[in-house]
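The values are calculated or read from the model by the stated rules, or taken from the named source; none is laboratory data. Everything numeric in this text was worked out from a predicted model, so none of it was measured. Accessible surface is based on the protein model in full, side chains and every heavy atom, while ligands, DNA and RNA are left aside. Shrake-Rupley method; radii C 1.70, N 1.55, O 1.52, S 1.80 Å.
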Amino acid sequence: MSATLGARASRPQSPRGWHSRGYLPHFDKPGKVQMLTFRLGDAMPAVRRAEWEAMLELKDEVARRQQIETYLDAGYGSCALRDRRCARIVEDALLHFDGERYGLLAWVVMPNHVHVLVETRDGHSVSKVMHSWKSFTAKEAQKVLGGAGGFWQP
């Protein structure tokens, strides 16, 4: 695996506690176990946006999460991770710094999204780890697929 994986994540960073960049909030604290999900850029097509927004209005958090997971599991978009080469790129990236920057507890690569259960380590924020995974895998998968442009959803 290329040494460019995680180049930006290698700078230690102080934990920030709860923070958000306008997306779902993140919590950075060494030793914190978190479930992370990231999805392909086309996993939620614009034609389905009204359905997605209706799900977000559900007041019951458990019901909302179940609906979102059902939606994602329906396999919308290109499902580029169905290609074993792309799935392997993602899995290898997840495993690359396991035990060093984070503790990887469990993961699954789905056709259009990824779930990761990870324990954070001192000096490596969730946002930097996620950026490392997404940046590296997007570049490598685009080489395999011969494409360009956004691969992961922000």
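Based on protein heavy atoms only, the stretch 16-119 ends up with 59 Å² per residue of surface accessible to a 1.4 Å probe. In straight-distance terms, cross-link reach from K128 covers every one of the lysines whose alpha-carbon lies under 19 Å from its own, apart from those fewer than eight places away in the same chain; here that gives K29, K32, K139. Surface composition of the stretch 93-154: carbon and sulfur make up 55 percent of the accessible area, probe 1.4 Å. Taken as Cα centroids, the stretch 136-154 and the stretch 38-93 sit 17 Å apart, rounded to the nearest whole angstrom.
Applying 0.36 nm per residue to the separation of R64 and D42 and subtracting their alpha-carbon distance, the gain on full extension is 5.9 nm.
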